[in-house]
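Contents: one structure, followed by commentary.
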Amino acid sequence: MTTLHITVGDREQLREKTLQFVEDAKAGQQSDHDEKNVIQFGSYSDLVDSLTPLRLELIQAIADREPESMREAARLVDRDVSDVHSDLKQLEVLGLLQLEDGGPSGAMQPVVPFDRIEMHIDYPLVDSPDTTPASA
């Protein structure tokens, strides 16, 4: 089973993890990231803007029904083809799906390469001491 892990964290933390992953790879060391597919958003707002309910419905329909084209994917969710095309392109950029050459017809086939998506969201309700502005 292939799981996509979606997280929300600050960009500096993501940068540090990425640099550590690169250093581990250069040194020939295995890392936990080697076994995980991870997409990290910089903020909760970024996540919500990118993974709208309509886009999540589209991902689910593609995973369930494996349409052979963007047009067929649009029919599955009863949406306009141009809107679905735009969403598919955005989801491809994010790494949530792939658009593969559909063969002789030339249609691009949307493919979800994951069996499961897990979202890990840290949503602090109180500012930590590190982020609280200094009193004047």
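No lab work stands behind these numbers, since they all come straight from the coordinates. These numbers come from a predicted model, not from an experiment. Quick reminder, even Gly has a Cβ in these numbers, built from the backbone with ideal geometry, and neighbours come from all protein chains shown.
Ranked highest first by the average count of other Cβ atoms within 10 Å around their residues, in what order do 90-102, 45-57 fall?
Taking the mean over residues of other Cβ atoms within 10 Å, the ranking is 90-102, 45-57.
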**Item:** Under 5 Å, built H, 5+ apart or other chain: amide partners of I6
**Value:** I39, E118, M119, H120
**Asked** Gain in length, L94 to Q60, computed as 0.36 nm per residue apart minus the alpha-carbon separation, to one decimal in nm?
**Response** 10.7 nm
**Message:** Using the basic label-point model (7 angstrom from Cα toward the beta carbon), what is the S86 to V126 distance in nanometres?
**Reply:** 4.3 nm
**Fill in**
Expected vector for the stretch 110-124, Karplus 3J(HN,Hα) from phi with 6.51, -1.76, 1.60 and θ = phi - 60°, integer Hz, x for Gly and Pro, equals x, 10, 9, x, 10, 8, 7, 10, 10, 10, 10, 10, 9, 10, x
**Request:** Mind sorting I62, I6, I39 by how few other Cβ atoms lie within 10 Å of their own Cβ, fewest first?
**Result:** I39, I6, I62
